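Take a look at the structure below.
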Amino acid sequence: MDLLCKSHKLELESRSYCSILQLCADIKSLHDGRKVHSVICSNGIEIDGMLGSKLVFMYVSCGNLAEGRRVFDKIANEKVFLWNLLINEYAKIGNYKESMFLYKRMQELGIKANSYTFSCVLKCFSALGSVVEGERVHGYLLRLGFGSYNTVVNSLISFYFRSGRIESARKLFDELSDRDVISWNSMISGYVANGFAAKGLEIFKEMLGLGIRVDLATMVSVLAACTNIGIPLLGRALHAYAIKSRFDREIIFNNTLLDVYAKCGDMDGAIQVFENMDERSVVSWTSMIAGYVREGLSEKAIEIFREMRREGINPDIFTITSILHACACGGSLENGMEVHNYITENNMQSSLFVSNALMDMYAKCGSMENAHSCLFSDACKGHCLMEYHDWSLAALDRGREIHSHILRNGLSSDRYVANALADMYVKCGALVLARSLFDKIPVKDLVSWTVMIAGYGMHGFGSEAVATFNEMRHAGIEPDEVSFISILYACSHSGLLDEGRKFFNIMRNDCSIEPKLEHYACMVDLLARSGKLSKAYSFIEKMPIEPDATIWGSLLCGCRIYHDVKLAEKVAEHVFELEPENTGYYVLLANIYAEAEKWEEVQKLRKRIGRYGLRKNPGCSWIEIKGKVHIFVARNNSHPQAKKIEYLLKKLRKKMKEEGYFPKMRYALINADEMEKEVALCGHSEKLAMAFGILSLPPSKTIRVTKNLRVCGDCHEMAKFMSKTVGREIVLRDSNRFHHFKDGYCSCRGYW
């Protein structure tokens, strides 16, 4: 730098400036690099070609990407190296769109990409979830002859794994003749990341059998597989292998090994690894804390946290949430408040995860006032509402606020967050938004697919649920018992009898999953809803496990749909024996009697309910208007707009009669004359809520109503008529499912 400053304009060649810029880049001295740039400019030297490239390289190497880009944009550069450098640097900071912009600009200018370009571009497409664009690049690089390059094929394998295209990744690997350790590692980590840890271990065994030398990345991926499967013995074997191969000196390996022992419940093994570590990072300490919490040893977790602080290690968000969970489980309010002080001092309260953990800690320690004060924004209030009342459509606006908060804080790329958001939209009745979010998840795991399958089933779109389930299997994701519950539920609520039977057989025969009570309940429900009541009864009798009240209750619901009083009485006795205090089943049988106008039997059941001291939950419905939740109870006229609601319902009822629709009196469930029955029907809570929505919401706004009980047949008909007459979409969620009413039709098609 001294020589540079003493030199005159004409004494130095361009390559001399390049040499000193390279030196600045090597030692990461941005301050000196700026000085060199200043000298070059003051000497009037043209910045182009090699000098311009070296300036860009210096700025990027010294961490000033913005300044490097400014220089890059001013020079005419045809060197692929520099384009790759910028594409890669933007990818490192998560600005994948800018990387893609540079790649497209590079193509427009006719600059030939090399293997490194394609490797980086494929990583960007993986991160963006751009499967189609990634496949186009795959085709393009094959035409250019890069299909045999290891670095490119390895990147393609990773791309397909991250996109959930497991079969495509496997095919590439099988066709690769010259596999290196990265190829094997890509397969192991890809299988593990997609929930196929056993497959990853198979690849590892094959790798060892062929004598392929493993590296640190291999060991870390295999240890992650041990954690997922829960095989501590294999973890111990790998531990021994690592000691012989000197991997145990690497902190990343030790942290992963520590995590294996802790998550497999072997805290003695975890302690041994922890105490033998030459260097401990925040990850090491956090794994120990989390391990103790999982084992229910909250005091030990708190002790480790204090030791960590004494060692001068600063906790991160994961440490904080783990220690707060320890305080919550141990009921240690004083320690929790101490952690809260640390959070405030270090400005960590803006994290949604930290705030949620704080609320949970205070609530479980009995300090509800402090729990409330932890709500740092309306978004968190919405989060609480969804966590404890995810059945409420009133949470949709709050859910959207949280979604906005997630987007602002760059959390949308987290798969767990995306899955939770999709689940929230499903449960709040916004199925289109849930699907849109699902489509944007770059790497869909089993949870992602199950959320959508369950969502379609809950909303009555059985065919879509079946298509999604088949798409999941085609993508190489194997269903588990929860996925099968979701698809069987979807089939039963859409009357897809053959499809339901097929999936039940696939579960048992192809996937070797032994059906549980929930699966049997879905099958009974499917048969009962399809009118196969005798077959459902026979199915229950042949079950290898003892049926519970839910299973008999599903058949009882079928008896109500098809008005089979005799079978209902037989089934009800099984239900009453199993759950004698469940009022719902008594009411269900009473409804069956009432619909058959067996009023003496209804009276006997009511006396029986009274004798046992049981109480029926009153029917209520609610709707959110401008942030306020309005609750309606059957035949309650206390609402401020009760008269307007009553007038609108009478007007609609009159119009229904004019068009040939007549009230379904059997749903009144009272022994009275026709007029009294009609009055009773008009007072059902869901009708009141829907009418209030029509009166209060703008014409373009969807009316969203929730009911705590099953919607009655008359209200169902009324909702269809309302949607057609007033030209409004109505979404009604009852205790069973969602009903989407539009243009006089319902998504349930009569199956509810």
Return the residues of segment 116-140 that are in contact (Cβ under 8 Å) with a residue 24 or more places away in the chain and either within 13 Å of Ser158 (Cβ to Cβ) or crowded, with 22+ Cβ neighbours inside 10 Å (or both); say none if nothing qualifies. Thr117, Phe118, Ser119, Cys120, Val121, Leu122, Lys123, Cys124, Phe125, Ser126, Ala127, Gly134
I'd like to know if segment 156-177 contains one or more residues that are crowded, with 20+ Cβ neighbours inside 10 Å, under 24 Å from the mean Cα position of the chain (by Cα) and farther than 24 Å from Tyr116 by Cα. no
Under 6 Å between Cβ atoms, at least 6 apart or on separate chains: pull out the pairs that start in segment 576-590 with a residue that is on the phi < 0 side of the Ramachandran plot and end on any residue that is of a type in the set (Val, Ile, Thr) and surrounded by 15 or more Cβ atoms within 10 Å (Cβ to Cβ). Tyr585/Val575; Tyr586/Ile609; Ala590/Val602
Working only within segment 717-752, note down all residues that are over 22 Å from Leu396 (Cβ atoms) and within 32 Å of the chain's Cα centre (by Cα). Tyr745, Arg749, Gly750, Tyr751
Considering each of Met337, Met308 in turn, give the residue that is within 27 Å of Thr256 (Cα to Cα), modelled with pLDDT of 85 or more and either under 23 Å from the mean Cα position of the chain (by Cα) or of a type outside the set (D, E, K, R) (or both). Met308
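Matching residues to (1) of a type in the set (Val, Ile, Thr); (2) assigned to a loop (DSSP other than H, G, I, E, B); (3) under 35 Å from the mean Cα position of the chain (by Cα); (4) over 20 Å from Leu141 (Cβ atoms):
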{"position": "Phe57", "(1), (2), (3), (4)": "no, no, no, yes"}
{"position": "Glu67", "(1), (2), (3), (4)": "no, no, no, yes"}
{"position": "Phe72", "(1), (2), (3), (4)": "no, no, no, yes"}
{"position": "Asn84", "(1), (2), (3), (4)": "no, no, yes, no"}
{"position": "Ile87", "(1), (2), (3), (4)": "yes, no, yes, no"}
{"position": "Ser99", "(1), (2), (3), (4)": "no, no, yes, no"}
{"position": "Tyr103", "(1), (2), (3), (4)": "no, no, yes, no"}
Whichever residue in segment 421-462 is touching a residue at least 24 places away in the same chain (Cβ under 8 Å) and acidic (Asp, Glu) and, among such residues, is surrounded by the most Cβ atoms within 10 Å (Cβ to Cβ): Asp423
Which pairs do you get when a residue that is exposed (fewer than 14 other Cβ atoms within 10 Å of the Cβ), found in segment 728-751, comes within reach of a residue that is among the acidic types (Asp, Glu), reach meaning Cβ atoms under 9 angstrom, with the pair 6+ apart or on two chains? Asp743/Glu729
When the residues of segment 15-53 are filtered to those that are surrounded by fewer than 16 Cβ atoms within 10 Å (Cβ to Cβ), over 15 Å from Asn64 (Cβ atoms) and hydroxyl-bearing (Ser, Thr, Tyr), which remaining residue is modelled with the lowest pLDDT? Ser42
Val71: surrounded by fewer than 18 Cβ atoms within 10 Å (Cβ to Cβ) and among the aliphatic types (A, V, I, L, M), yes or no? no
Residue among Tyr425, Tyr489 that is more than 25 Å from Glu167 (Cβ to Cβ), part of a helix (DSSP H, G or I) and over 17 Å from the mean Cα position of the chain (by Cα): Tyr489
Top-ranked residue of segment 254-298 - restricted to ones that are acidic (Asp, Glu) and in a helix (DSSP H, G or I), ranked as surrounded by the most Cβ atoms within 10 Å (Cβ to Cβ): Asp259
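The values are calculated or read from the model by the stated rules, or taken from the named source; none is laboratory data. Since we're looking at a predicted model, the values are computed, not measured. Glycine gets a Cβ as well: all are built from the backbone with ideal geometry, and neighbour counts include every protein chain shown.
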